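The values are calculated or read from the model by the stated rules, or taken from the named source; none is laboratory data. Computed from a predicted structure; not experimentally measured. Neighbour counts are summed over all protein chains in view; Cβ atoms, including those assigned to glycine, are modelled from backbone coordinates with ideal geometry. The accessibility values were calculated without ligands, DNA or RNA, using every heavy atom of the protein model including side chains. Shrake-Rupley method; radii C 1.70, N 1.55, O 1.52, S 1.80 Å.
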Amino acid sequence: DLPSETEQWLKADSSASMVFFPLTYQEKLLGSLGVIYHATAQPEKSDASLLKAYTEQVAVLIEHARLYQSTREHQKFSNALANIASRLNSAAVETHEISRLICEEGLSALQADFMLFYVCDVRNPQQQLVPLCVHVANHIAESLATPANWPAIHMNEYEAQALHSLQPMLLYIP
């Protein structure tokens, strides 16, 4: 069913037919391309084959654009890891410098607002994690960039669920 505005427009414009062609790439539906023909210009079989060829090429372009974007995102991530590895290999680096570098590169590569690096508390390694480093985006208050302003995570808290799993987890923290 078409929206009523579209139906009214079709009637007012004396359009006789609307044809939709699926945009598919390797049997994956990416979308649909609609074509409207006026009453005086009905589609012919040659038009249908031309439109089919057109939608096939559009689907390829859409998929290539998606792959290009995905590659760029992976490239950012790879660059961040290469930068960390390069800095670590270039000299003996302090633990604090490593954690700062991990947070800084992670924030950039993941386009995040915050990057927090928690480690086991040396006084209670089985009980809690404490923030070692925090890196925040430019638009975030600088006071939040201090690890002391972030709470420890106790192993029995909801936030610690990700620490007990070997698989990545997305936690929603209210």
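Computed values, structure above
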quantity	calculated
Hits in the stretch 96-117 - residues which are of a type in the set (D, E), open to solvent by less than 70 Å² (accessible area, probe 1.4 Å) and in contact with a strand residue (DSSP E or B) (Cβ under 9 Å, 6 or more places away or on another chain)	E104, E105
Filter pass, L132 being modelled with pLDDT of 85 or more, over 30 Å from L33 (Cβ atoms) and of a type in the set (A, V, I, L, M)	yes
The stretch 119-143, residues that are under 19 Å from A80 (Cα atoms) and assigned to a strand (DSSP E or B)	C133, V134, H135, V136
Residue match in the stretch 152-160 (condition: open to solvent by less than 70 Å² (accessible area, probe 1.4 Å), part of a helix (DSSP H, G or I) and at pLDDT 85 or above)	no
Residue satisfying all of: in the stretch 1-32; among the hydroxyl-bearing types (S, T, Y) and at pLDDT below 70; most open to solvent (accessible area, probe 1.4 Å) among these	S14
In the stretch 50-102, the residues that are charged (D, E, K, R) and farther than 28 Å from V122 by Cβ	K52, E56, E63, R66, R72, E73, K76
Count of residues meeting criterion [touching a residue at least 12 places away in the same chain (Cβ under 8 Å) and aliphatic (A, V, I, L, M)] in the stretch 45-87	9
Some residue of the stretch 41-54 being open to solvent by 90 Å² or more (accessible area, probe 1.4 Å), part of a helix (DSSP H, G or I) and either modelled with pLDDT of 85 or more or within 30 Å of V134 (Cα to Cα) (or both)	yes
